[in-house]
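Inspection log for the structure reproduced underneath, given as structure tokens.
The values are calculated or read from the model by the stated rules, or taken from the named source; none is laboratory data. Since this is a predicted model, take the numbers as computed values, not measurements. Here the Cβ positions follow ideal geometry from the backbone for every residue, glycine too, while neighbour counts run over all protein chains shown. Protein only, heavy atoms only, side chains kept; ligands, DNA and RNA dropped before computing areas. Shrake-Rupley method; radii C 1.70, N 1.55, O 1.52, S 1.80 Å.
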Amino acid sequence: MNTFFCSDSSRQAGEDIIGSATNHQTYILIECPTPWAAEVFHSRWVPENLRILVEEVTQAKVPIRFLLMSNDSSHKVDSTTLLIYHRKKELGQGYRKQEWKLENIEQAAPLIRKWLWGDFCDNQVKATATRDILVCTHGSYDKCCAKYGNPFYYQATTTISELGLNNIRLWKSSHFGGHRFAPTAIDLPEGRYYGVLDPKSFKSILTRTGDIECLKKVYRGWGILPYPLQTMERELLLRYGWDWFDYKVAGRIIEQNSDASKIHGELSFEKPDGSLQTYQGILIKDETKTLHLKGSCHASKKSEFVKYTFTSLLPIEDKLVTCST
């Protein structure tokens, strides 16, 4: 019997989880009751028209991440929630949300096709400031998300209820990467990723209060930025504190060497008062933090997970840049 758990291995190795947030231009989230198969769009409740659409989009290499989601009432309700979070390449705070309540999941694929073609899709729910937090519980894909994701989901549900946070919806989610950081979550519309979560750190993330230093352990990075720049962004987040979450940010890699062991990066941000600031830094591959680990419970061999540190991170003259990703 295989008793290896990738998340236990990562924790024992002391892996720094920053720089592991995946960069997607669009998230398409479809409510679908569990259980889910390991190949999630071959699950029992997924209609063929949706499975075919996902395969077509994947083969075309369109930068869209399809995910299934559910909550404790997904089996009982007589509607299907469809969420599309889309990001434009500009200074911003994350993604723009569109939401629909469909009569059933079979209606999802035709509506998504219309959206992809730029057609106006009716029956849209009025946009609200609701946060959608996805917790990976996809245990058939990786057992760590069952072992750690499921219990955390129920803890998190209780925490949100106790805090009376009516503007936050919690969802079980299919695999979105980084199961060795289970329990792992995405906070939308921002698109920030978290891992190795516990009730205390999750409460701070929900309320944006408490010791900002807790994010050193649980923050995987901001998915609107290239992987290396997520290390820079965490440093600025720790410097500016919880106010940083109100800033609009863009980042770009100015140049890098052939093996990406040295990167010149730039982050620009706008504060709520309209003032602009730009930082530049040199990121260097950190050989002491870079690890060779199995990336999942079913991995056959170890992979290298490159970590960066910076030799400088300094403000330059105020200017506005657009995101290069």
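Quick rundown of the values:
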| item | result |
| --- | --- |
| Ser161 open to solvent by 30 Å² or more (accessible area, probe 1.4 Å), in a loop (DSSP other than H, G, I, E, B) and either in contact with a helix residue (DSSP H, G or I) (Cβ under 8 Å, 6 or more places away or on another chain) or not aliphatic (A, V, I, L, M) (or both) | no |
| Failed item, numbered, when Glu233 is tested on (1) under 16 Å from Gln93 (Cα atoms); (2) surrounded by fewer than 16 Cβ atoms within 10 Å (Cβ to Cβ); (3) in contact with a strand residue (DSSP E or B) (Cβ under 6 Å, 6 or more places away or on another chain) | (2) |
| Subset of region 280-302 (residues that are open to solvent by less than 100 Å² (accessible area, probe 1.4 Å), touching a residue at least 24 places away in the same chain (Cβ under 8 Å) and assigned to a loop (DSSP other than H, G, I, E, B)) | Lys289, Lys294, Gly295, Ser296, Cys297, Ala299 |
| The listed residue being closer than 16 Å to Trp36 by Cβ, touching a strand residue (DSSP E or B) at 6+ places or on another chain (Cβ under 7 Å) and in contact (Cβ under 8 Å) with a residue 12 or more places away in the chain, out of Tyr153, Tyr141 | Tyr153 |
| Answer residue from region 267-279, given it is of a type in the set (Ser, Thr, Tyr) and free of Cβ contacts under 8 Å to residues at least 60 places away in the same chain and is most open to solvent (accessible area, probe 1.4 Å) among those | Ser275 |
| Among the candidates Leu197, Leu134, residue that is in a loop (DSSP other than H, G, I, E, B) and open to solvent by less than 20 Å² (accessible area, probe 1.4 Å) | Leu197 |
| Selection within region 236-273 - in contact with a strand residue (DSSP E or B) (Cβ under 6 Å, 6 or more places away or on another chain) and not in a strand (DSSP E or B) | Tyr247, Ser261 |
| Among (1) of a type in the set (A, V, I, L, M); (2) out of contact with any strand residue (DSSP E or B) (no Cβ under 9 Å at 6 or more places or on another chain); (3) open to solvent by less than 30 Å² (accessible area, probe 1.4 Å) - the single one Ala37 does not satisfy | (3) |
| All positions within region 44-86 that are open to solvent by less than 60 Å² (accessible area, probe 1.4 Å), in contact with a strand residue (DSSP E or B) (Cβ under 7 Å, 6 or more places away or on another chain) and part of a loop (DSSP other than H, G, I, E, B) | Asn71, Ser74, Ser79 |
| Hits in region 164-188 (condition: under 19 Å from Asp246 (Cβ atoms) and surrounded by fewer than 21 Cβ atoms within 10 Å (Cβ to Cβ)) | Leu165, Asn167, Ile168, Asp187 |
